[in-house]
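Here the structure comes first, spelled out in structure tokens, and everything after it is commentary.
Here, each number is a calculation from the coordinates, and none is a lab measurement. Since the model is a prediction, treat every value here as computed from it, not as a measurement. Here the Cβ positions follow ideal geometry from the backbone for every residue, glycine too, while neighbour counts run over all protein chains shown.
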């Protein structure tokens, strides 16, 4: 299956990120290279792109798409949780821009056997890295009822988390996404499903996917590492798709942009703490036209920041 993914807020992101056409740019979530291919179009031969993805299918697709780029391109099959080590290996300890386009790709959702979609019946998988030994099957079939309820509540913001967890445990073993969807639908009262709108399994699938891939656990350190490796004037761009990851991005950027962190009762600053970044405006959302053409852009937010002089 061809790797298909529509990059959200493509022009807004690239326009804000690229400040030096001979600079080095790191795409931490390469995917099918939508953003990176647009960056490559702007760079001169001295420019450099380092693309990172844990999905081998993404690396293969990006390699083909960036094959004709006029700038330097280096692709890394890894998770951006290892950003610090990757930049050290690539001798790129100071770069001009770093991009995170979070969440699951269109290709992953649209490939039934990957098990990300609640609209397709497939084995319980949801691994962004197919080489990982831990999958949605393990979460659904081995986690205790209380732990499942916690995940659904915290990662999916699902109000029926306890009831869904109880139904799942009683129905185990569960082999496929279709079985999982049926159980979720039975657990949520019909009247509630009618009032809520949207697919009743959406929040639970999101929660399981986040747990399988530790999506939230790696974000804060990755964002802080990215900011630390920007050159003065370099840009950080973060695209989020749900409130949980956006809250982490917002809090990290806010913390990195703070000056004095002394208790307010102290008459003079004793911490000598200086802000590392400057937040560039308010979060951007996709245009009405893009939201109409690409439903996955409707919840997206783009946050940008600039590295300050040391």
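For 132, 161, which order do you get if you count the other beta carbons within 10 Å of each Cβ and list the fewest first?
132, 161
Taking the Cα-to-Cβ direction at residue 56 and at residue 133 and moving 7 Å from each Cα, how far apart do the two end points lie in nm?
The answer from the label model is 1.7 nm.
Could you tell me what percent of the DSSP beta bridges with both partners in the chain are antiparallel, to the nearest 5?
Numbers: 11 of 30 bridges.
Once the DSSP bridges in the chain are tallied, antiparallel ones form about 35 percent.
Express in nm, to one decimal, how much length is gained between residue 268 and residue 176 on full extension, taking 0.36 nm for each residue of separation and deducting their alpha carbon distance.
Answer, rounded to one decimal: 27.0 nm.
As a test of the formula, what do you get for the chain when each DSSP H run with n ≥ 4 contributes -39,500 (n - 2.57) and the sum is divided by the residue count, at 222 nm and rounded to the nearest 500 deg cm²/dmol?
One gets -12000 deg cm²/dmol as the mean residue ellipticity at 222 nm.
Give the value in nm², to one decimal: projected area of the alpha carbon convex hull of region 115-213, averaged over all directions.
5.5
I'd like the distance separating the alpha-carbon centroids of region 119-134 and region 257-310, in whole Å.
34
Obtain the nm distance between the two label points defined at residue 278 and residue 122 by a simple spin-label model: each point lies 7 Å from its Cα along the Cα-to-C-beta direction.
The answer from the label model is 4.4 nm.
Nearest 10 degrees, 0 to 90: what angle lies between the long axis of helix 177-187 and the longest principal axis of the chain (Cα atoms)?
70
Suppose the chain between residue 202 and residue 42 were pulled fully straight at 0.36 nm per residue; how much longer would it get relative to their current alpha carbon spacing? Intermediate values should be presented prior to the final figure.
Working: separation 160, 0.36 × 160 = 57.60 nm, distance 3.76 nm.
Here the segment from residue 202 to residue 42 would lengthen by 53.8 nm.
From Cα pairs below 8 angstrom and at least 6 apart in sequence, can you work out the relative contact order of the chain, rounded to a whole percent?
Here the relative contact order equals 17 percent.
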